[in-house]
Amino acid sequence: MNSRKKSILFLPGASGDPAFWQPVADLMPSDCRCTVQTYPEFAGQPPHPAVQDFAGLCDWVLAKIQEPTVLVAQSMGGIIAMQAALRKPEQVRGLVLVATSGGMDVSAFGAEDWRRAYLLEQPQLPTWFVEADCDLSPDFAEIQVPVLLIWGGDDSISPPAVGHFLQQALPNAKLAVISHGEHDVANTHAAEVAARIRDYLNEVI
């Protein structure tokens, strides 16, 4: 039996705050090695010369994925996770996408535009996430790994309709909608989200 610990990489959303994922990471199985990713210039992290925009951030994060890993991503972090699955399929064993756009225009699903409020509330943060313009939808069919989609039933920024669309667009996806969860469902409903992820891990690794 392989005793090597399973690798899970947690990706925050546009807040870039690794503390968002810590309650879920703390509830992962003991045979998992969890890393909660930080981003340069977010949550007190120093800048990095290679990271000047969203594309640079994606490249920087993807370079850190050096072994078979399950990616667990919140909101805009899901775009990084999807790019990892497309560009490093030999290393990405699975995706858990929580309240994400998945790299597509979600306005048609009635999504609230979060960007203006983000800039007003957090003017000290880099604007990479706001400026990101990624359309990965033409490539969705190429993502063959098992995908768990987790949405909050009351999410106005990424409504459950987005999750239902991704469930149909991705070849191997399952959707769980958590009642009364909002965009921060992974933090406010950490125990339920962690339970869903543990069940998923039992199936994929």
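Counting only protein heavy atoms and using a 1.4 Å probe, what share of the accessible area of the chain belongs to carbon plus sulfur, as a whole percent? The computed percentage sits at 49.
Hey, what's the chain come to in accessible area per residue, 1.4 Å probe, Å²? Don't jump to the answer; show the numbers that get you there.
Values: 9500 Å² over 205 residues.
That works out to 46 Å² per residue.
Can you give the net charge of the other residues whose Cβ lies under 13 Å from the Cβ of residue 53, counting K and R as +1 and D and E as -1?
Values: positive: none; negative: 41, 59, 131, 133.
Within the 13 Å Cβ shell, the charges total -4.
In plain terms, the chain from residue 131 to residue 60 could stretch by 23.8 nm, reckoned as 0.36 nm per residue minus the Cα-Cα distance.
Would you work out the relative contact order for the chain, in percent, from Cα pairs under 8 angstrom that are 6 or more residues apart?
On the way: 376 pairs, mean separation 42.0, N = 205.
Once normalised by length, the contact order is 20 percent.
Along the chain, the exposed loop sites are trypsin sites (Lys or Arg not before Pro) outside DSSP states H, G, I, E and B with at most 14 other Cβ atoms within 10 Å, and the longest stretch free of them is 65-205.
Counting Lys and Arg as +1 and Asp and Glu as -1, what is the net charge of the other residues whose Cβ lies under 12 Å from the Cβ of residue 111? Write out the running numbers ahead of the final one.
Numbers: positive: 115; negative: 105, 112, 113, 155.
Computed value for this residue: -3.
For the stretch 6-187, the Cα-based Rg and Dmax, in that order, read 15.1, 42 Å. 3J(HN,Hα) along the stretch 12-27: x, x, 5, 5, x, 9, x, 5, 4, 8, 4, x, 6, 4, 5, 9 Hz, from the Karplus curve 6.51 cos²θ - 1.76 cosθ + 1.60 with θ = phi - 60°, whole Hz, x for Gly and Pro.
Stretched out straight at 0.36 nm per residue, the stretch from residue 35 to residue 154 would grow longer than its current Cα-Cα span by 40.0 nm.
The values are calculated or read from the model by the stated rules, or taken from the named source; none is laboratory data. Because the structure is a prediction, the values reported are computed rather than measured. Every residue, glycine as well, gets a Cβ built from its backbone with ideal geometry; the counts of neighbours run over all protein chains shown. When the accessible area is computed, the model is the full protein with side chains, heavy atoms only, and any ligands, DNA or RNA have been set aside. Shrake-Rupley method; radii C 1.70, N 1.55, O 1.52, S 1.80 Å.
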